[in-house]
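**Q** One structure, pasted below without further comment.
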Amino acid sequence: MPEHTLPAPATAPLACVRDLHFSYDANPVFAGLNFAVHPGLTLLFGGESCGKSSLLRLLAGVLTAQKGGIEWRWLDPAQSLGQAHAPSVYWMDPRDAQHDAIAARAYFDLLRARHADFSQPDLDALVQDLGLEEQLDKPLYMLSTGSKRKVWLAGAFASHCRLTLLDDPFAALDQRSIARAKVWLNRVAQDTERACVIADYEVPQGVLIGHSLALDAVASRV
């Protein structure tokens, strides 16, 4: 059990992964994976090629399992993820360049239009906390890797989605920004209505983990 762990809340899961099988061509990643995503903070951790990013993409609806599936508390079982799912989920692949041509301010405008619970006061606080004031009007391709990560984090926490998915959230951040990001993660950790799933190589110190899944122990290594 991670050192910084909250007691498991007596709340129904927001999502249940059941008998999930996924592979890239002939390379299996998961075979019969079962777990639940509860409100608060869930950690997926493990080494290279254990399936952390793949599982986030499956939760986001970017990838489709070959067998099994994911049941969402807020969706009718007959609904596909698609457009019904997107307004409820924040996911940004840190390697995706689709928004590189627009400025950070325009990216936040897109999120504000997509997510009904987007909080401008929280965004203002995050911009200050993460030192993004001078980056707002620069195209994202001009930003450093660390500054782009800060934009994704600010968007994630300000969007207030039912499900937030963060891949390697502290990569390329300076120590002050890591500390501020952990403060915001710990707020999410105590939310009883929303869930955040983060993927990392190890258990982050100073973060209140509600649930964790060691993927090295359950994934079929590629």
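**Q** Within region 94-122, how many residues are at pLDDT 90 or above, of a type outside the set (A, V, I, L, M, F, W, C), surrounded by fewer than 18 Cβ atoms within 10 Å (Cβ to Cβ) and outside any helix (DSSP H, G or I)?
**A** Total meeting the criteria: 4.
**Q** Of the residues L14, L33, L44, only one is crowded, with 18+ Cβ neighbours inside 10 Å and under 13 Å from the mean Cα position of the chain (by Cα); which?
**A** Within the list L14, L33, L44, the selection yields L44.
**Q** For region 97-106, state whether one or more residues are among the basic types (K, R) and in contact with a Pro (Cβ under 8 Å, 6 or more places away or on another chain).
**A** No, there is no match, as no residue in region 97-106 is among the basic types (K, R) and in contact with a Pro (Cβ under 8 Å, 6 or more places away or on another chain).
**Q** Then there's this: Which pairs do you get when a residue that is touching a residue at least 24 places away in the same chain (Cβ under 8 Å) and under 20 Å from A189 (Cα atoms), found in region 142-158, comes within reach of a residue that is surrounded by 24 or more Cβ atoms within 10 Å (Cβ to Cβ) and small (G, A, S), reach meaning Cβ atoms under 6 angstrom, with the pair 6+ apart or on two chains?
**A** L153/A181
**Q** While we're looking at this one, here's another question. Go through region 196-222 residue by residue and tally those that are outside any loop (DSSP other than H, G, I, E, B) and either modelled with pLDDT of 90 or more or of a type outside the set (G, A, S) (or both).
**A** Number of matching residues: 13.
**Q** So which pairs qualify, if the first residue must be in region 19-34 and within 15 Å of L215 (Cβ to Cβ) and touching a residue at least 24 places away in the same chain (Cβ under 8 Å), the second must be among the polar types (S, T, N, Q) and in a strand (DSSP E or B), the Cβ gap must be under 9 Å, and the two must be at least 6 apart or on different chains?
**A** Qualifying pairs under 9 Å: L20/N34; V29/S23; F30/S23; A31/S23.
**Q** For region 179-206, give me each residue that is under 21 Å from L59 (Cα atoms) and β-branched (V, I, T).
**A** Answer for region 179-206, where residues must be under 21 Å from L59 (Cα atoms) and β-branched (V, I, T): V188, T192, V197, I198, V203.
**Q** Would it be correct to say that S177 is surrounded by 19 or more Cβ atoms within 10 Å (Cβ to Cβ), more than 30 Å from W74 (Cα to Cα) and either in contact with a Phe, Trp or Tyr (Cβ under 8 Å, 6 or more places away or on another chain) or among the polar types (S, T, N, Q) (or both)?
**A** yes
**Q** Take the residues in region 159-187 that are of a type in the set (V, I, T) and more than 11 Å from the chain's Cα centre (by Cα); name whichever of them is farthest from Q120 (Cα to Cα).
**A** I178
**Q** Filter region 144-153 for residues that are more than 12 Å from the chain's Cα centre (by Cα) and part of a helix (DSSP H, G or I); which is surrounded by the most Cβ atoms within 10 Å (Cβ to Cβ)?
**A** K150
**Q** Moving on. Look at region 49-78 and say how many of its residues are at pLDDT 90 or above and charged (D, E, K, R).
**A** 3
**Q** Among what's in region 127-141 and is in contact (Cβ under 8 Å) with a residue 24 or more places away in the chain and among the charged types (D, E, K, R), pick the residue that is farthest from F108 (Cα to Cα).
**A** D129
**Q** Given the conditions (1) outside any helix (DSSP H, G or I); (2) without any contact (Cβ under 8 Å) to a residue 40 or more places away in the chain, report the number of the one that E193 does not fulfil.
**A** (2)
The values are calculated or read from the model by the stated rules, or taken from the named source; none is laboratory data. Small disclaimer: the values here were computed from a predicted structure and weren't measured. Don't worry about glycine lacking a Cβ; one is built from the backbone with ideal geometry, like all the others, and counts go over all protein chains shown.
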